[in-house]
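The values are calculated or read from the model by the stated rules, or taken from the named source; none is laboratory data. Since the structure is predicted, the reported quantities are computational estimates derived from the model, not experimental observations. Glycine also receives a Cβ, built like all others from the backbone with ideal geometry; neighbour counts cover every protein chain displayed. The area values use the complete protein model at the heavy-atom level, side chains included, leaving out ligands, DNA and RNA. Shrake-Rupley method; radii C 1.70, N 1.55, O 1.52, S 1.80 Å.
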Amino acid sequence: MAFLTSAPTAYFGSFSPLNQISLPSSAFNPLKLPPYWPWEKVKIGPLSVSPMGFGTWAWGNQLLWGYQESMDTELQQTFNLAVENGIYLFDTADSYGTGKLNGQSEKLIGKFIREFQGKKRVQDDIVIATKFAAYPWRLTPRQFVNACKASLDRMQIEQIGIGQLHWSTANYAPLQELALWDGLVAMYEKGLVQAVGVSNYGPKQLVKIYDYLKARGVPLCSAQVQFSLLSMGQDQLEIKNICDSLGIRLIAYSPLGLGMLTGKYTPTKLPPGPRALLFRQILPGLEPLLSSLREIAQRRRKTVPQVAINWCICMGAIPIPGVKTVKQAKENLGALGWRLSSGELLELENAGRESPRRMIQNIFQTR
């Protein structure tokens, strides 16, 4: 999708008028003010986007997130609220959606863009970052290009902002990996995507694909990994350092640890579904981190999720928290327009290291 903007990129310094203001997340709503300065943008390759995007894994996923088609009206309201408040980056995947709802997330995003009632220019500014699954039957570059065309058809758009490999097959099907890379090159050269990225690539494989694409004249603009105060392991920090050194933008998925960093759950109050098994293992040792999040949130007049998301932004990543309700979108918007101090960042990271258990990494992430 085309992206047009006249807004210059922001350069964050130690002082900003917004650093002196900590309004509740609902404060902007009655006045219809954006939650951050309109010129506050970050670069992803050739694209300029807001410092945070929204993830849409839940839009079609019944197994983990309890999606029902009756939720579509509120999902559209959530999308509209995000766009009206300057969030133009939406992350999705061709595998999002369960059973007969496979691809539902992409279909809904396309529908919401077409039905958005705002200015046409705003529709053109929306950046879709979609991921293409490395299914075992996708064995050639052409099949991968066809997958990209299928996503374009589902969304009914002419060009995808960022086309991403959903995961690497290097650990179990190295020959398929090269075909995926060549497919990424082909979709870029055909103009099907404006930029390319990867997801769930570990440090070594990230450098390899960066070098391969660079030799083909294709810049790698983004690397999407699980990144949060619960995901500060050696690999994650190494990925961050590689991204910084090579000019790759880090996109942080699960910045709230699948909900563990929202403060909503306790060892005796668990979410429904498969998440409860993971929460039961990690939450009992999470109190030092949650306590620090609560203390900072209280001082800042913010919420626990807003502080956790802001940490990702301060680390130079673009967080993409998942949203499926208007309430969640409003709260997440409150993570913008301010920045944690260096002392607060250190406090949170020290508390995070005290947690005896960390978030389990995606099984597809390579070394």
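Going from most exposed to least, what order do 115, 347 have by accessible area with a 1.4 Å probe?
The ordering from most to least exposed comes out as 115, 347.
Only four residue types carry charge here, +1 at the Cβ of Lys and Arg and -1 at the Cβ of Asp and Glu. Report the dipole size of segment 71-124 about the Cα centre in Debye, rounded to the nearest 20.
Roughly 220 debye, rounded to the nearest 20.
Can you give me the distance in nm between label points at residue 214 and residue 173, each placed 7 Å from the Cα along the Cα-to-Cβ direction?
Placing both labels 7 Å beyond Cα along the Cβ direction yields 2.9 nm.
Which whole-Hz ³J(HN,Hα) couplings does segment 303-315 yield from phi under the Karplus relation 6.51 cos²θ - 1.76 cosθ + 1.60, θ = phi - 60°, glycine and proline marked x?
10, 4, x, 4, 5, 5, 5, 5, 4, 4, 4, 5, 7
List the relative contact order of the chain as a percent without decimals, with contacts defined as Cα pairs under 8 Å and 6+ residues apart.
Rounded, it is 21 percent for the chain.
When the accessible area of the chain is computed with all protein chains present and a 1.4 Å probe, what percentage of it is carbon and sulfur?
C and S fraction of accessible area: 56 percent.
Output the antiparallel fraction of DSSP beta bridges having both residues in the chain, as a percent to the nearest 5.
Among the beta bridges of the chain, antiparallel pairing accounts for roughly 10 percent.
Filter the cross-link list 131/190; 100/330; 240/302 down to pairs whose alpha-carbon distance in this structure exceeds 22 Å.
Going by Cα-Cα distance, 100/330; 240/302 fall outside the 22 Å limit.
Please work out the FRET efficiency for the pair residue 81 and residue 287, using the Cβ-Cβ distance as r and a Förster radius of 35 Å; give the result to the nearest 0.05.
With a Förster radius of 35 Å, E is 0.60.
Determine the relative contact order of segment 192-244: mean sequence separation of Cα pairs under 8 Å and six or more apart, normalised by residue count, in whole percent.
Dividing the mean separation by the residue count of segment 192-244 yields 44 percent.
Find how much the distance from residue 325 to residue 63 grows on full extension, using 0.36 nm per residue of separation minus their present alpha carbon separation; answer in nm with one decimal.
Full-extension gain reported as 92.6 nm.
Would you work out if segment 190-326 is rounded, prolate or oblate? Take a ≥ b ≥ c from the square roots of the eigenvalues of the alpha-carbon gyration tensor; rounded if a/c is under 1.5, else prolate when a/b is larger than b/c, oblate otherwise.
prolate
Once amide H atoms are built 1.01 Å from N in the peptide plane, which residues 5 or more positions from residue 228, or in another chain, come under 5 Å H to H?
Answer set, sorted by chain and number: none.
Among 286-292, 44-50, 169-175, what's the highest-first ranking by average C-beta atoms within 10 angstrom per residue?
44-50, 286-292, 169-175
Pull out a ≥ b ≥ c, the square roots of the eigenvalues of the alpha-carbon gyration tensor of segment 68-135, then state rounded if a/c is under 1.5, prolate if not and a/b is larger than b/c, and oblate in the remaining case.
oblate
For segment 292-301, in order, what is each residue's ³J(HN,Hα) by Karplus, 6.51 cos²θ - 1.76 cosθ + 1.60 with θ = phi - 60°, in whole Hz (x at glycine and Pro)?
Per-residue couplings from phi come out as 5, 4, 5, 5, 5, 4, 5, 4, 8, 6 Hz.
Once phi is turned into ³J(HN,Hα) by the Karplus curve 6.51 cos²θ - 1.76 cosθ + 1.60 with θ = phi - 60°, what whole-Hz value does each residue of segment 135-148 show in order, with x for glycine and proline?
Couplings: 4, x, 8, 8, 10, 10, x, 4, 5, 6, 4, 4, 4, 5 Hz.
When the chain is fully extended, how far beyond the present Cα-Cα distance does residue 295 get from residue 100, taking 0.36 nm per residue of separation?
Length gained, residue 295 through residue 100: 65.8 nm.
Set the Förster distance to 45 Å, then compute FRET efficiency between residue 277 and residue 122 from the Cβ-Cβ distance, nearest 0.05.
The value I calculate is 0.65.
What is the set of long-range amide H partners of residue 318 at a cut-off below 5 Å, with H atoms built 1.01 Å from backbone N?
Sorted by chain and number, the residues that satisfy this are 250, 251, 252.
For residue 204 and residue 149, compute 0.36 nm times the residue count separating them, minus their Cα-Cα distance, and round to one decimal in nm.
16.8 nm
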